[in-house]
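Heads up, the thing below is written out as structure tokens.
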Amino acid sequence: MFEVIFLQFLNGLDKGGAYALIALGLTLVFGTLGVVNFAHGALFMLGAFCAVLFRQLITFETVTIDPTKLSPWGAPLEVRAPLVQTWFGDFGAVLVNYSVPFSILLTIPVMLVIGIALERGIIKHFYKRPHAEQILVTFGLAIVAQEIIKSFFGPNPIPQPMPEGLRGAADIGAWLGMQANVITYPIWRLVYFLFAGVIIGGVFAFLQFTTFGLVVRAGMADRETVGLLGINIDRRFTIMFGLAAVVAGMAGVMYTPLLPPNYHIGMDFLVLSFVVVVVGGMGSLPGAVAAGFLLGILQSFASMTQIKAIVPGIDQIIIYLVAVVILLVRPRGLFGRRGVMEA
Amino acid sequence: MLAMSRNDLLLFLGFTIAVLAMPIWLQPFGAAYPDLLQRFTIYAILAVGFNILFGLTGYLSFGHAAFFGVGSYAAVWSFKLLSMDAIPAMAFAIVVSGIFALLIGYVSLRRSGIYFSILTLAFAQMSYNLAYSVLTPITNGETGLQLDLADPRYLDRAFSAAPAGLPSPTLLGAPLTGYAGFYFCAGFLIIAFFIAQRITGSPFGMMLKGIKSNQTRMNYTGFNTKPYTLAAFVISGMYAGLAGALLAITDPLAGAERMQWTASGEVVLMTILGGAGTLVGPVIGAWLIKYFENIFSAINDSILTRFFAFLPEGADHVAVTIASKFVGEGWFLTLGLVFVLIVVFLPGGIMEGVRRIVGLFNRSGKTPRHTPAQVQPAE
């Protein structure tokens, strides 16, 4: 029994990690700019498609016809050589194999530019407008992003292979000194969980231990006073929006081997991430992270066959159910500060 | 009921004539065929109902499609169990969606602002997920609920023997296909519009507008605002149920995708595009979106090539390639862009645009009758 529970706990971690990363970005944007960003899921999706694009770029092949070799049917054989491999040799092969993690290098600048452009171009005009209008404009932006991706990459999911060395399952039970082959867990999910942990830790460290982070935190607490001290707080908040976009994008990149991305993957995650933010408490960064993992794990437990036998369909609605209960019983969420969006 | 002001009466009469004459004045636009006209009226009812909630009280529901879907399911079940007549189907749909809205509204309205939006979204997603999974016996899951030869139809069977083949919905024995179906829906749109107009002008409507501009002050004045918002929520849910039932009457089939949050988003788009808080705006928004959805989705590359044929060689290829991203499959891209532009530049929708243009011409003459609805909440 303990093994079963432990396994379900592990199963919730990777999804929880994705929820936590998206919710973290949402909360950063809400805490700094006060904007309810319905386009955040689209940023997750754009990140995932950065990985797709990167892979398409590096697997670009040259096809030469080799007349000396013949196929079994007697036709000249086509020789396909990925350009990267002809240029870089063995390193090229590694690059193709580890395309998903390497595409983070592409994702970071792309998402940073998209995020900053979005904030400067459109969202900055909406600070003073009601939340309903912020929701509407970001919702419109999300549709636009989604449709652009759909028109370039098509409506079908595009599977991304896991790196060769990270396929298969890890025998976690044996590592912890338990019986072998009882608790096995796909390695990539473990990687995703660790990755989420590193990113979350990085964001917190950045906010906690750098001067920039100090100023941003001060701005979150009292924007006007920080502005009066002669600090250009708007520019820092813009950068924070870019950072949130990067976090969402990286979360999307690393999730591609687990779930082949299609154009509406962002919206699927967005609805859940909003629920996560609300459960954690609007504007609370630790709340977003904790609620993300909590809901991921809860969802994993709810999809156990034993539990589904008692309450059919619970795995489909558990997250929403928790959100409804939390909103009604404790409106500011698990970790929310008093007075922040407590209406 | 007859105590309408002259302006209201003119608006109502004008609207009635416009709706009834749709098969005529839509002829030049190539949209005057019953199937599309039925959709025009049905989505207009949905948008008018949504506007009673969002336009008057300011509560932005992101889960309105749930009521639409429930209405469809209820109507199809009435077809299956009771009778192929449209009236019991609609009555059943309105009652069921009203009860559903009462339950969801009672819970969701305990919060306001973004929390309300998220709560309604959560409830709608829950209904959608359940309709797809556990509730398959009721909703028939992915296939969608359809009529079946083995349906009992107790009321019909009490009067007549089972006909051969699948029956289609009727109104007191008369078939509801083609233009008959359109005029049936149009009649309900006119009634729905009339009720919405009466609500807007009534003390109840004033109360709702008061809630929109400053709920706190309403509470301080001694009003309990909760019953009013709940009533608005239920009324607008019933409108959605009626629209869903009409959709099921014109095409007896109900699927879960009608409840998905993209469908809810579409209603929001219609209302905002036309102009939230106005009477005619949501109707215009619904018509425009459904019209352009129909037109744009039908355009393909060969039509575009003919359209851009006047351009020099090469340039027309570029134009076709760019334009083809925005039509056909890409219609939603156009919709999203238009929507963003509307929210950024014209938050009041098309009706505000009209008002601004009228204001330009009126500047020299007498002062405009409508004072701008700028409400400055006193802090």
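Among the residues of segment B:236-261, those identified as away from chain A (no Cβ under 14 Å), assigned to a loop (DSSP other than H, G, I, E, B) and in contact (Cβ under 8 Å) with a residue 40 or more places away in the chain are B:Pro252, B:Gly255. Selection over segment A:233-291 of residues that are within 14 Å of chain B (Cβ to nearest Cβ) and either at positive phi or among the acidic types (Asp, Glu) (or both) gives a count of 3. Summed over segment B:251-278, the residues that are surrounded by fewer than 23 Cβ atoms within 10 Å (Cβ to Cβ) and either farther than 28 Å from B:Leu145 by Cβ or polar (S, T, N, Q) (or both) give a count of 3. For segment B:80-99, the criterion of being over 30 Å from B:Tyr228 (Cα atoms), part of a helix (DSSP H, G or I) and touching a helix residue (DSSP H, G or I) at 6+ places or on another chain (Cβ under 8 Å) is satisfied by at least one residue.
Of the conditions (1) under 30 Å from A:Val113 (Cβ atoms); (2) away from every other protein chain (no Cβ under 14 Å); (3) out of contact with any Ser or Thr (no Cβ under 9 Å at 6 or more places or on another chain), A:Phe153 clears all except one; give me its number. Going through (1) under 30 Å from A:Val113 (Cβ atoms); (2) away from every other protein chain (no Cβ under 14 Å); (3) out of contact with any Ser or Thr (no Cβ under 9 Å at 6 or more places or on another chain) one by one, A:Phe153 breaks only (2). Taken as a whole, the condition of being away from chain A (no Cβ under 14 Å) and buried (at least 24 other Cβ atoms within 10 Å of the Cβ) does not apply to B:Phe50.
B:Leu36 meets each of the listed conditions (1) more than 23 Å from B:Ser236 (Cα to Cα); (2) under 16 Å from the mean Cα position of the chain (by Cα); (3) not in a helix (DSSP H, G or I) apart from (3).
Tell me, yes or no, whether segment A:306-329 has at least one residue that is of a type in the set (S, T, N, Q), assigned to a loop (DSSP other than H, G, I, E, B) and more than 10 Å from every other protein chain (Cβ to nearest Cβ). Lay out the reasoning, then the answer.
Kept after step one, since they are of a type in the set (S, T, N, Q), are these residues of segment A:306-329: A:306, A:316.
Still in the list and also assigned to a loop (DSSP other than H, G, I, E, B): none.
No: zero hits.
Taking the numbered list (1) without any contact (Cβ under 8 Å) to a residue 24 or more places away in the chain; (2) surrounded by fewer than 15 Cβ atoms within 10 Å (Cβ to Cβ); (3) over 25 Å from B:Ala323 (Cβ atoms) in turn, A:Pro161 passes all entries but (1). Please determine whether any residue of segment A:182-204 is surrounded by fewer than 18 Cβ atoms within 10 Å (Cβ to Cβ), more than 19 Å from the chain's Cα centre (by Cα) and within 20 Å of A:Leu10 (Cβ to Cβ). Yes, segment A:182-204 has at least one match.
Modelled with pLDDT under 90, surrounded by fewer than 24 Cβ atoms within 10 Å (Cβ to Cβ) and away from every other protein chain (no Cβ under 14 Å) - does that describe any residue in segment B:62-80? The answer is yes, given that some residue of segment B:62-80 is modelled with pLDDT under 90, surrounded by fewer than 24 Cβ atoms within 10 Å (Cβ to Cβ) and away from every other protein chain (no Cβ under 14 Å). Selection of segment B:336-359 for residues being in contact (Cβ under 8 Å) with a residue 60 or more places away in the chain, assigned to a helix (DSSP H, G or I) and more than 7 Å from chain A (Cβ to nearest Cβ) yields B:Val338, B:Ile342, B:Gly349, B:Ile350, B:Met351, B:Glu352.
Within the option set A:Phe274, A:Phe237, A:Phe212, being part of a helix (DSSP H, G or I), of a type outside the set (S, T, N, Q) and within 14 Å of the chain's Cα centre (by Cα) holds for one residue only, A:Phe274.
Specify which of the listed residues (A:Arg167, A:Arg129) is at the interface with chain B (Cβ under 8 Å from one of its Cβ atoms), surrounded by fewer than 22 Cβ atoms within 10 Å (Cβ to Cβ) and not β-branched (Val, Ile, Thr).
Numbers: A:Arg167 fails: at the interface with chain B (Cβ under 8 Å from one of its Cβ atoms).
That would be A:Arg129, the only listed residue that is at the interface with chain B (Cβ under 8 Å from one of its Cβ atoms), surrounded by fewer than 22 Cβ atoms within 10 Å (Cβ to Cβ) and not β-branched (Val, Ile, Thr).
If the requirement is being more than 23 Å from B:Gly113 (Cβ to Cβ), small (Gly, Ala, Ser) and over 13 Å from the mean Cα position of the chain (by Cα), which of these qualifies: A:Ala290, A:Ala251? First the steps, then the outcome.
Details: A:Ala251 fails: over 13 Å from the mean Cα position of the chain (by Cα).
Step by step, each of A:Ala290, A:Ala251 is checked, and only A:Ala290 is more than 23 Å from B:Gly113 (Cβ to Cβ), small (Gly, Ala, Ser) and over 13 Å from the mean Cα position of the chain (by Cα).
Residue under question is B:Arg111, and the condition is that it be basic (Lys, Arg) and within 12 Å of chain A (Cβ to nearest Cβ); does it hold? Against the criterion (basic (Lys, Arg) and within 12 Å of chain A (Cβ to nearest Cβ)), B:Arg111 qualifies.
The values are calculated or read from the model by the stated rules, or taken from the named source; none is laboratory data. The model shown is predicted, which means the values in this text are computed figures rather than measured ones. Every residue, glycine among them, receives a Cβ derived from its backbone with ideal geometry; neighbour counts consider all protein chains shown.
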